[in-house]
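Asker: Okay, handing you the structure first.
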Amino acid sequence: MKKGISIFTILLILIPFLSACWNQKELTDLAFVMALGIDKGKDKRFKLSFQLVNPGNVSSGQNGGGDGQGLPIAVYRSTGDSLTQATRNVTKMVSRRIYFAHTNLVVISEEIAKEDMDYILDALDRDPEFRITSELVVAKDCTAEDLVSTLTPLDKLPVNKITKQIKSTETMLGENMSRNIDDFLSGLVSKGKQPFVNGYGFKGNKQKARSAKFLQNSITDASLSSEGLAIFNGTKLRGWVDGDEARGIIWLQDKLKSTYIYVNWKKKKNAIVVAPIRSKTKVSVQYIKERPVINIKIDSEGWISEANTPIDLNNPEIISEIDKLVEIEISKEILTSVKATQKLKCDILGFGEKVHVSNPKLWKKLEKNWDNEFAELQVNAKVDFYIRREGIRTLPFWSDMGK
């Protein structure tokens with residue numbers, strides 16, 4: 001009797017561990033959504049574009065399906081007054097269950113970004129299957145569908161073109177930085193900081209970019225390209241910054257890894273190109289007559305990547321002078337970027353967050369009117385730059401030519 005009770009007790013204990021894969025999903029029953037495009041609809045509020053992967057057409061030995069094997073993706077469109085409705089409506093056209101666990105990119109149209117971001121963010125954040133680590137971009141001067149449906153010659157999956165390029169430009173150019181849904185939500189709930197994301201655009205012939213023949217051309221007729229930063233106030237798109245202004249913002253986020261700086265020398269414009277390779281940005285706040293003043297301190301170092309003028313780079317005094325010229329250029333760029341965000345009245349730089357942490361009592365007084373306070377904020381920038389090396393040669397070849 002006791003033995004029977006013991007066996008029964010053991011079986012009861014083991015039952016939870018014998019449930020196996022109760023919620024398993026067969027791969028052949030799933031349609032993997034790699035990218036999701038969200039545009040404004042006509043009859044319905046939203047028009048969604050689903051970039052689905054064709055697993056059989058994505059193999060290690062092929063490039064994007066341009067050899068007659070078949071396209072690596074299929075794009076389906078659906079509409080609805082909510083993301084839930086539009087997602088469920090697409091099942092009328094797709095034979096497999098829509099699966100979002102591998103979605104790496106969400107593209108929002110510029111039109112949607114100005115109006116309906118609230119509904120989108122709640123749906124994406126609430127869905128347990130959707131990853132909030134997915135890259136979030138705004139389509140600039142094109143539709144989200146344009147970005148989701150464009151084929152790319154170098155990357156088998158078009159979604160990789162955008163996510164990898166953002167990381168590449170972050171590393172080499174400094175005008176973009178990876179921004180996912182979670183980053184956006186953090187900016188929304190933060191006190192004294194607004195969100196921003198990357199902008200992406202389309203150039204060229206839309207129809208050709210969706211054809212398999214497009215992948216067989218050595219010269220592309222269309223391409224996807226980064227288009228600066230989309231600046232938000234809350235959940236609404238307020239404006240854009242690009243070029244040096246975007247780079248200054250990345251610098252202020254302490255995310256700049258490398259870029260280039262032009263320096264004029266002896267009345268010759270852009271005579272020297274310096275490449276920063278390491279940089280550290282610190283932002284602090286001080287108070288003058290109960291008014292916050294922001295102080296930015298940047299320590300950076302780099303190397304001379306081009307010297308298009310006769311110059312003696314063996315001379316420490318000349319190197320020191322170049323250091324000072326680079327410091328001036330970086331300071332100008334930083335302050336120009338600050339003014340660009342102040343003009344939009346969007347504190348994506350987190351200055352208000354600094355005030356909130358360092359002086360909570362004053363922040364309570366300024367919080368409700370912080371957009372205007374931020375626009376009038378005094379900001380100072382100090383840069384220390386050091387050239388560590390001059391490339392594989394010190395004197396330029398101009399010297400050998402006697403110029």
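Asker: Ser149 passes all but one of (1) farther than 23 Å from Asp254 by Cα; (2) of a type in the set (Gly, Ala, Ser); (3) modelled with pLDDT of 90 or more; which number fails?
Answerer: (3)
Asker: Shifting gears a bit: Which members of segment 154-163 meet the condition of being open to solvent by 10 Å² or more (accessible area, probe 1.4 Å) and modelled with pLDDT under 90?
Answerer: Matches in segment 154-163: Leu154, Asp155, Lys156, Leu157, Asn160, Lys161.
Asker: Quick one: which residue in Thr133, Thr163 is hydroxyl-bearing (Ser, Thr, Tyr), within 17 Å of the chain's Cα centre (by Cα) and part of a loop (DSSP other than H, G, I, E, B)?
Answerer: Only one candidate passes the filter, namely Thr133.
Asker: Just to be sure before I move on: is Ser168 under 25 Å from Gly243 (Cβ atoms), open to solvent by 30 Å² or more (accessible area, probe 1.4 Å) and either touching a Ser or Thr at 6+ places or on another chain (Cβ under 6 Å) or part of a loop (DSSP other than H, G, I, E, B) (or both) in the structure I sent? Before you say what the answer is, go through the steps one by one.
Answerer: Numbers: under 25 Å from Gly243 (Cβ atoms): yes; open to solvent by 30 Å² or more (accessible area, probe 1.4 Å): yes; either touching a Ser or Thr at 6+ places or on another chain (Cβ under 6 Å) or part of a loop (DSSP other than H, G, I, E, B) (or both): no.
Spelling it out, it is not the case that Ser168 is under 25 Å from Gly243 (Cβ atoms), open to solvent by 30 Å² or more (accessible area, probe 1.4 Å) and either touching a Ser or Thr at 6+ places or on another chain (Cβ under 6 Å) or part of a loop (DSSP other than H, G, I, E, B) (or both).
Asker: What number of residues in segment 98-125 are open to solvent by 20 Å² or more (accessible area, probe 1.4 Å), within 14 Å of Met34 (Cα to Cα) and of a type outside the set (A, V, I, L, M)?
Answerer: The qualifying residues number 3.
The values are calculated or read from the model by the stated rules, or taken from the named source; none is laboratory data. Here the structure is a predicted model, which means the values were calculated and not measured. Note that each Cβ is placed from the backbone with ideal geometry, even for glycine, and that neighbours are counted across all protein chains shown. Note: accessible area is taken over every heavy atom of the protein model, side chains too, but ligands, DNA and RNA are not part of it. Shrake-Rupley method; radii C 1.70, N 1.55, O 1.52, S 1.80 Å.
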